[in-house]
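The values are calculated or read from the model by the stated rules, or taken from the named source; none is laboratory data. Predicted model, so just to flag it, every value in this text is computed and none were measured. For neighbour counting, all protein chains shown are included, and Cβ atoms are generated from backbone atoms with ideal geometry for every residue, glycine included.
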Ligand code: ASP
């Protein structure tokens, strides 16, 4: 029988309703999580490792970095077929994307969680764990990078995002769709993710901020970040990479201070492209040597910039990782 290591980090999947504080709070151990899914015994031998038991808003990029090392440590064991990580859904896409860039292993590494707590009606956690273990144990998943398994769908780490605040079908890969589906008896893949990039770094630079562009935004936040000074800034631009004039001034200012700027889009599907040349377009900021994020969302571009800054501070060298 295949062996899968389940690393637990917390999230709604490990929470129960607390009548005193009137909300869901961390309450379920890693062992309890697995015991709630007796069907796992037919799929794989499961070893549980508790990394943390926190809501995913408490998971820092540094913790994600440590999680990647832990996953690699267990995946390096010959008897282990794959890894499953249970994690809160709020930052799940950031964690799996960081892992996808950093992991050494080619074995399947799947992240999952739940939208309903363990004490709620129809909790989705047990079914999601079962599906994730099925994927982690199947040979067809080898070489497809780190994956997010949720609601019987398998998503590529670079493409997936949370799309609904409460729905169990919250995860989607806008513009791409899932790479596979989990059925009762098998896992079916229909697509190989193309963008399985690796960033080999021993350190992560966490002092990287994300600014979302909105109509009429000025350069105030950029001046604040330059005063710190932060090590990098990701800007979620409008449309295919355009910003208001105040934001352009802000970007030019932080660039004159030497801070790398990556331009993503606040639109959740499609690339940042240099389509326009008017003031505020990506083309009009080319002289500032900004970096375009391609199809990455702002939150994932930030994760990538944090890892790349662990290797180099040179803007042209950083750009190569985003091309
Ligand atoms: N707030 C929770 C978390 O991210 C949500 C969840 O797990 O679904 O930890």
Original post:
For region 164-217, which fully contained strands (runs of 3 or more DSSP E) count at least 2 residues that are touching a strand residue (DSSP E or B) at 6+ places or on another chain (Cβ under 8 Å) and in contact (Cβ under 8 Å) with a residue 60 or more places away in the chain?
Top reply: 208-212
**OP:** Report whether or not residue 204 is under 30 Å from residue 153 (Cβ atoms), surrounded by fewer than 19 Cβ atoms within 10 Å (Cβ to Cβ) and touching a helix residue (DSSP H, G or I) at 6+ places or on another chain (Cβ under 7 Å).
**Re:** no
Original post:
Within region 48-69, how many residues are in contact with a strand residue (DSSP E or B) (Cβ under 6 Å, 6 or more places away or on another chain) and either assigned to a helix (DSSP H, G or I) or farther than 11 Å from residue 10 by Cα (or both)?
Top reply: 2
**OP:** Just name the residue that is farthest from the ligand (Cβ to nearest atom) out of those in region 108-125 that are within 18 Å of the chain's Cα centre (by Cα) and part of a loop (DSSP other than H, G, I, E, B).
**Re:** 108
Original post:
more than 13 Å from residue 7 (Cα to Cα) and either within 16 Å of the ligand (Cβ to nearest atom) or surrounded by fewer than 24 Cβ atoms within 10 Å (Cβ to Cβ) (or both): does that describe residue 147?
Top reply: no
Subject >> Tally of residues being part of a loop (DSSP other than H, G, I, E, B), modelled with pLDDT of 95 or more and away from the ligand (no atom under 16 Å from the Cβ) across region 1-17 >> reply: 1
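Tell me which residues, restricted to region 18-47, are surrounded by 18 or more Cβ atoms within 10 Å (Cβ to Cβ) and either at pLDDT below 90 or outside any strand (DSSP E or B) (or both). I'd like the intermediate steps shown before the answer.
So the first thing to find is which residues in region 18-47 are surrounded by 18 or more Cβ atoms within 10 Å (Cβ to Cβ), and the list is 24, 26, 28, 30, 33-34, 37, 40, 43-44, 46.
Result: 24, 26, 28, 30, 33, 34, 37, 40, 43, 44.
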**OP:** Could you list, in sequence order, all residues of region 70-96 that are in contact with a strand residue (DSSP E or B) (Cβ under 8 Å, 6 or more places away or on another chain) and within 16 Å of the ligand (Cβ to nearest atom)?
**Re:** 84, 85, 86, 87, 89, 90, 92, 93, 95, 96
Original post:
Looking at (1) surrounded by fewer than 19 Cβ atoms within 10 Å (Cβ to Cβ); (2) part of a loop (DSSP other than H, G, I, E, B); (3) at pLDDT 95 or above; (4) in contact with a helix residue (DSSP H, G or I) (Cβ under 8 Å, 6 or more places away or on another chain), can you tell me which one residue 252 breaks?
Top reply: (2)
Original post:
Do the conditions hold for residue 57, that is, is it closer than 22 Å to residue 100 by Cα and within 16 Å of the ligand (Cβ to nearest atom)?
Top reply: yes
